[in-house]
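Accompanying notes for the structure given below.
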Amino acid sequence: MNLLEVKSIECQYDTRVAVTELSFAASRGSFTCLLGPSGCGKTTVLRAIAGFHPLTAGEIWIDGRLVSKPSVSVAPEKRRVGMVFQESALFPHLTVYDNVGFGIKKLEPEQRKQNIQRLLQRIGLADMAQRYPHELSGGQQQRVALARALAPNPDLILMDEPFSNLDIETRERLGYEVRDIFKEQGTTCVLVTHDQNDAFALCDRVGVMREGRLLQWDTPYRLYHEPCTRFVADFIGEGVFLPGRLLDSRAVETGLGVIRSERSYNGDVGDILDVLIRPDDIIFDQDSDLTATIVRKAFKGPEILYTLRVDDGNQVLSLFPSHADYQLGESVSIRLQADHLVAFPRVDRAP
Ligand code: ATP
């Protein structure tokens, strides 16, 4: 069942539309995300769900209850929603213990104490209960902010770039921890980020936004392999577009070979298309007759991302395990191994 339903909402600042015709649903206990470039409206959507921004069209439902529509707005504190921001926004004059307990003052004292201690234990900060926020690292502060948001046991937690001020190692570790905690508690989460790594590693569903619209709401796998617009294809992951000719609705011929797919393309036979080729679609194969020259390489730890110039002049990318280290200018044999046909009408690149 869906815990959150956002139905065709529109939000404005004065008369300027910031979000329009935006719909998605998050099932109970799911970890979801809105992803998109700066200014596309992610924070506005989160604020609308929290009850801090009015709607000029559409509806928002939380746990079967209509909480927002143009004439109706249930107060933020009555939505059973918790929020975690980029800056932890802890109360500086309160200890860790009191920060976590802030939203549950009405609980009976013994119950409140137990809840705070359980959460501090869960976030690994039980021995820092008496410290003040300025005595904590950025990652520890975010953990406390998370525990504070979780304490009232909300149905939904909204997180706006919660990991962006942290170093990469901390953000990865904390991201997984947060996900585990939410999954244990059955808490539904909507995360806002412009970082694909966060979105892909953590989320069950990801929505890609652009200029106030949601272009695709999907699993990370499908966003990567089956982007439904050119913008999503460009924005998500790496890849290049090569020209290809439509052989039939499920096959396209490119300079690297034919791509066949279960997904059909709606066009006329003979149409010239831009075909998306991901780095994992190109494999090194000594037995292949197709050769390419290495023109760039980027070391990524376990893998190297090579930029290859094929004999017809087109360039493609290929990820290859880094135990074999090819040199710039070296010629290698490659093969196209693509299972997904992702193509869009050809964009004329003529000068
Ligand atoms: P970022 O990733 O940079 O935080 P975002 O995707 O969260 O961006 P929003 O903050 O939702 O984007 O902003 C959406 C649009 O609304 C932007 O064009 C922004 O300039 C505009 N906007 C945001 N807040 C206000 C405001 N208080 N008054 C007027 N316009 C605003």
Residue hits (segment 159-187; outside any loop (DSSP other than H, G, I, E, B) and buried (at least 24 other Cβ atoms within 10 Å of the Cβ)) are 159, 178
For segment 11-29, give me each residue that is touching a Gly at 6+ places or on another chain (Cβ under 6 Å) and either within 11 Å of the ligand (Cβ to nearest atom) or β-branched (Val, Ile, Thr) (or both). 18, 19, 20
Taking residue 89, is it within 16 Å of the ligand (Cβ to nearest atom) and surrounded by fewer than 21 Cβ atoms within 10 Å (Cβ to Cβ)? yes
How many residues of segment 152-194 are more than 16 Å from the ligand (Cβ to nearest atom), within 25 Å of residue 236 (Cβ to Cβ) and hydroxyl-bearing (Ser, Thr, Tyr)? The answer is 3
Of everything in segment 108-158, what is exposed (fewer than 15 other Cβ atoms within 10 Å of the Cβ) and of a type in the set (A, V, I, L, M, F, W, C)? Give them in sequence order. none
Among 212, 301, 313, 267, which is the only one that is small (Gly, Ala, Ser) and assigned by TED's automatic domain parsing to the domain that holds residue 178? 212
Failed condition for residue 32, given (1) part of a strand (DSSP E or B); (2) more than 16 Å from the ligand (Cβ to nearest atom); (3) closer than 24 Å to residue 193 by Cβ, with all others met? (2)
Can you name the residue in segment 195-241 that is under 26 Å from residue 150 (Cβ atoms) and of a type in the set (Gly, Ala, Ser) and, of all such residues, is farthest from the ligand (Cβ to nearest atom)? 201
Qualifying residue in segment 1-10 (condition: away from the ligand (no atom under 11 Å from the Cβ) and among the β-branched types (Val, Ile, Thr)): yes
When the residues of segment 217-236 are narrowed to those that are out of contact with any Gly (no Cβ under 7 Å at 6 or more places or on another chain) and outside any helix (DSSP H, G or I), which ends up nearest to residue 279 (Cα to Cα)? 236
Search result, residues across segment 295-351 that are at positive phi and either polar (S, T, N, Q) or in contact with a helix residue (DSSP H, G or I) (Cβ under 8 Å, 6 or more places away or on another chain) (or both): none
Could you pull out the residue among 20, 44 that is in a strand (DSSP E or B) and assigned by TED's automatic domain parsing to the domain that holds residue 196? 20
Limited to segment 299-330, what total is found for residues that are loosely packed, with under 12 Cβ neighbours inside 10 Å and assigned to a strand (DSSP E or B)? 2
Inter-residue pairs, beta-carbon under 7 Å, first over 19 Å from residue 23 (Cβ atoms) and in segment 197-224, second of a type in the set (D, E, K, R) and within 16 Å of the ligand (Cβ to nearest atom), 6+ apart: none
Is it the case that residue 132 is over 28 Å from residue 204 (Cβ atoms), more than 16 Å from the ligand (Cβ to nearest atom) and either touching a residue at least 12 places away in the same chain (Cβ under 8 Å) or hydroxyl-bearing (Ser, Thr, Tyr) (or both)? yes
Can you tell me how many residues within segment 54-66 are in a loop (DSSP other than H, G, I, E, B) and either surrounded by fewer than 19 Cβ atoms within 10 Å (Cβ to Cβ) or modelled with pLDDT under 95 (or both)? 4
Taking the residues in segment 37-48 that are more than 6 Å from the ligand (Cβ to nearest atom) and either without any contact (Cβ under 8 Å) to a residue 60 or more places away in the chain or closer than 17 Å to residue 223 by Cβ (or both) as candidates, determine which candidate is surrounded by the most Cβ atoms within 10 Å (Cβ to Cβ). 48
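The values are calculated or read from the model by the stated rules, or taken from the named source; none is laboratory data. Since the structure is predicted, the reported quantities are computational estimates derived from the model, not experimental observations. Note: ideal-geometry Cβ built from the backbone for every residue, glycine included; neighbour counts use all protein chains shown.
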